[in-house]
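Trainee: Can you keep this structure in mind? I'll have questions shortly.
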Amino acid sequence: MRSRLELLFPGLRSSEYSITSPATHKYNCVAWALGIVDRWMWPLDGYHWIDDVPRGESIAGFVTAFQVLRFELCDSSDLERGFEKIAIYADDASNPTHVARQLPSGRWTNKLGRYEDIEHDLSALVDSDYGRITVLMKRVRPKGA
Amino acid sequence: MAVVNCDLQREFAAEVALWRRDTSHLSSVRAICSHPAYLRIIAMGVRALPYLLNEFIERPDHWHLALCTITGDNPVPKEDYGDLDAMANHWLEWGRERGLD
């Protein structure tokens, strides 16, 4: 029997993944990508967002916000020693839908809406309701991350 | 004291269940809050306020936008934006002040 997550994200059926947290409404993928676990982050009124960054719900707006946090654009999702990477997903209309963060192991961690965190291969969530990966960014991995 | 409207209460509960089923895996607040069931809840207007406030405090979720739209008010200070538990408490207090609890 398919799990709830495999029905929502068919790419998980053919890849190895693990659930790494209980389901919670307390934070979302953007917050989790930044290690924040007590609030939802989204560039809309009523949600937490990065200080001094305009609330623009676009890929360009997300890139600007992450650049403020010292991320820079990159071309590869391959693990690079000393760097932390994120992947920004978008739908067919180029609306941002999701953010994933690479772990030191090279695997990726995601907070799935109000569901759980999972560890997985980067391609496993592509072509779901999250759409496709449109931007990769990296920064020097913070100490302890 | 709020008057209970059983039909509206059932309709509200059905829309909440549908909305939650379809959006719990989503990360985009815009996608979550533009789901048709969410918009139908907003369209219920002030009659849905007691149910909405109760739902928010029982199961904190993305009800802030709906409440702002229905009431034209916003009792949540910016420092609590995104903290759904804190936001629910602010709205609960807002409802209490207006006899909607």
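Laboratory data are not the source of any read-out in this text; all were calculated from the coordinates shown. Here the structure is a predicted model, which means the values were calculated and not measured. Note that each Cβ is placed from the backbone with ideal geometry, even for glycine, and that neighbours are counted across all protein chains shown.
Trainee: Which whole-number percent gives the relative contact order of chain A, counting Cα pairs below 8 Å spaced six or more residues apart?
Mentor: On the way: 271 pairs, mean separation 46.0, N = 145.
With pairs under 8 Å counted, the relative contact order is 32 percent.
Trainee: Follow-up. Just need the relative contact order of segment B:1-80 here, percent rounded to a whole number, with Cα pairs under 8 Å and 6+ apart. Numbers along the way, then the final one.
Mentor: Numbers: 44 pairs, mean separation 22.5, N = 80.
Worked out over segment B:1-80, it gives 28 percent.
Trainee: Set the Förster radius R0 to 25 Å, insert the Cβ-Cβ distance between residue B:98 and residue B:10 as r into 1/(1 + (r/R0)^6), and round the FRET efficiency to 0.05. It would help to have the intermediate numbers written out before the result.
Mentor: Working: r = 24 Å, r/R0 = 0.96.
With R0 = 25 Å, the Cβ-Cβ based efficiency is 0.55.
Trainee: Can you tell me the equivalent ellipsoid semi-axes for segment A:5-119? Use √(5λ) from the Cα gyration tensor, largest first, whole Å.
Mentor: Working: eigenvalues 96, 64, 41 Å².
Semi-axes (√(5λ), whole Å): 22, 18, 14.
Trainee: Here's a follow-up. Roughly how far apart, in whole Å, are the Cα centres of segment A:49-122 and segment B:51-101?
Mentor: Rounded to whole Å, the Cα centres lie 29 Å apart.
Trainee: Also: Where in segment A:37-145 are there trypsin sites (Lys or Arg not before Pro) that are in a DSSP coil and have at most 12 other Cβ atoms within 10 angstrom of their Cβ?
Mentor: Passing both the DSSP loop test and the Cβ count: A:70, A:81, A:143.
Trainee: How much mean residue ellipticity at 222 nm does the protein assembly as shown get from its helices, if each DSSP H run of length 4 or more adds -39500 (n - 2.57) and you divide by all residues, to the nearest 500 deg cm²/dmol?
Mentor: Numbers: 9 runs with 84 residues, N = 246.
It comes out at -10000 deg cm²/dmol, rounded to the nearest 500.
Trainee: Calculate the spin-label point distance for residue A:141 paired with residue B:20, positioning each point 7 Å from the Cα along the beta-carbon direction, and give it in nanometres.
Mentor: Using points 7 Å along Cα→Cβ, the separation is 3.8 nm.
Trainee: What order do you get for A:127, B:101 when you list them from fewest to most C-beta neighbours inside 10 Å? Mind showing how you got there, number by number?
Mentor: Values: A:127 12, B:101 15.
Going from least to most buried by this count: A:127, B:101.
Trainee: Please order A:58, A:14 by the number of other Cβ within 10 Å, starting at the fewest.
Mentor: On the way: A:58 13, A:14 10.
So the residues, fewest neighbours to most, are A:14, A:58.
Trainee: Let me ask something else. Considering the options A:21, A:35, A:130, tell which one lies farthest towards the positive end of the dipole of segment A:2-140, charges being +1 on Lys and Arg and -1 on Asp and Glu at the Cβ, about the Cα centre.
Mentor: A:21
Trainee: Per residue, what volume in Å³ does the convex hull of the Cα atoms of segment A:43-83 enclose?
Mentor: On the way: hull volume 3.7 nm³, N = 41.
Measuring per residue, one finds 89 Å³ for the Cα hull of segment A:43-83.
Trainee: Next question. Starting at the first residue of segment A:124-129, write each ³J(HN,Hα) from the Karplus equation 6.51 cos²θ - 1.76 cosθ + 1.60 with θ = phi - 60°, in whole Hz, x for Gly and Pro.
Mentor: 5, 9, 5, 6, 9, 5
Trainee: I would also like to ask the following. Within segment B:65-100, list the residues whose amide N lies under 15 Å from a label point set 7 Å along Cα→Cβ of residue A:45.
Mentor: Zone members listed by number: B:65-79, B:81-82.
Trainee: Springs between alpha-carbon pairs under 10 angstrom, Gaussian network model over chain A: which of A:131, A:46, A:113 fluctuates most?
Mentor: The residue that fluctuates most here is A:46.
Trainee: Rounded, prolate or oblate: pick one for chain B, where a ≥ b ≥ c are the square roots of the eigenvalues of its C-alpha gyration tensor, a/c under 1.5 means rounded, and failing that, prolate if a/b is larger than b/c, else oblate.
Mentor: Details: a/c = 1.75, a/b = 1.03, b/c = 1.69.
Verdict is oblate for chain B.
Trainee: Between residue A:53 and residue A:91, what FRET efficiency comes out of the Förster formula 1/(1 + (r/R0)^6) with R0 = 22 Å and r the beta carbon distance, rounded to 0.05? Before the final figure, lay out the partial values.
Mentor: Working: r = 22 Å, r/R0 = 0.99.
So the FRET efficiency works out to roughly 0.50.
Trainee: Calculate the dipole size of the protein assembly as shown relative to its Cα centre from +1 charges on Lys and Arg beta carbons and -1 charges on Asp and Glu beta carbons; express the result in debye to the nearest 20. Provide the component values of the computation, followed by the final result.
Mentor: Details: 28 positive and 35 negative charges, 76 e Å.
It comes to approximately 360 debye.
Trainee: Turning to a different aspect of this structure: Going by how many other Cβ atoms sit within 10 Å of their own, how do A:44, B:26, A:79, A:34 line up, fewest first?
Mentor: Values: A:44 17, B:26 24, A:79 13, A:34 20.
Ascending Cβ contact count within 10 Å gives the list A:79, A:44, A:34, B:26.
Trainee: If the only charges are +1 at each Lys and Arg Cβ and -1 at each Asp and Glu Cβ, what is the size of the charge dipole of chain A around the Cα centre, to the nearest 20 debye? Let's see the in-between values first.
Mentor: Values: 18 positive and 20 negative charges, 83 e Å.
Magnitude of the dipole: close to 400 debye.
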